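Each remark here refers to the structure printed beneath this line.
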């Protein structure tokens, strides 16, 4: 859903990316490091800093691709590194939230499984030649939900993050089903 905003964001990201002279792979690693710091802050119970670091991580995740495109430095390895870093970041952030006690471990593990499954179904479908970036809760949506949960929990001193993780789980599994159905339709037509 939020991927539809990419063309609009490109208007702002491209001028910024043109002025950044850092290898996009290094930016990917910096973004991953910010995710680890965010997870640590969740684990320590510091929701405001965890949420802010998650926002920063997401921003860096957006800018690394823009830097690669604007400096003609996109590589297949960069794509693999970026995708792998996203999966690691998804996992470590949810682990930090679970460790911090903001959600029951079962809901947290299921949210982690759903998040990884969303990405797996897309990768598997694309291996069969199907474009599969469909679904209600891609990575950007899941991160926005967690960011909102962190900040709302901090502001209102109520554990909204618990419900955010459960929502990530439910929407993640719904997205898995949407992608499987989409893939089935595409392959059925062949």
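Which order do 185, 10, 76 fall in if you start with the one that has the fewest other Cβ atoms within 10 Å?
On the way: 185 10, 10 15, 76 7.
Placing the least packed residue first, the sequence is 76, 185, 10.
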*When the Cα centres of segment 1-61 and segment 76-107 are compared, how far apart do they sit, in Å?*
14
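Run the helix sum for the chain: -39,500 (n - 2.57) per DSSP H stretch of 4+ residues, divided by residue count, reported at 222 nm to the nearest 500 deg cm²/dmol.
Computed ellipticity for the chain at 222 nm equals -27500 deg cm²/dmol.
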*Residue order, fewest to most beta carbons within 10 Å, for 156, 102, 42, 36*: 156, 36, 102, 42
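Going by average Cβ neighbours within 10 Å, how do the peptides 121-132, 104-115 rank, with the highest at the top?
Details: 121-132: 15.1, 104-115: 18.9.
Ranking, from highest mean packing down: 104-115, 121-132.
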*Among 87, 142, rank each residue by its count of other Cβ atoms within 10 Å, from fewest to most, as a rough exposure measure.*
87, 142
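Every read-out reported here was derived from the displayed coordinates using simple, explicitly stated rules and does not represent laboratory data. Please read all numbers here as calculations on a predicted model, not as lab measurements. For neighbour counting, all protein chains shown are included, and Cβ atoms are generated from backbone atoms with ideal geometry for every residue, glycine included.
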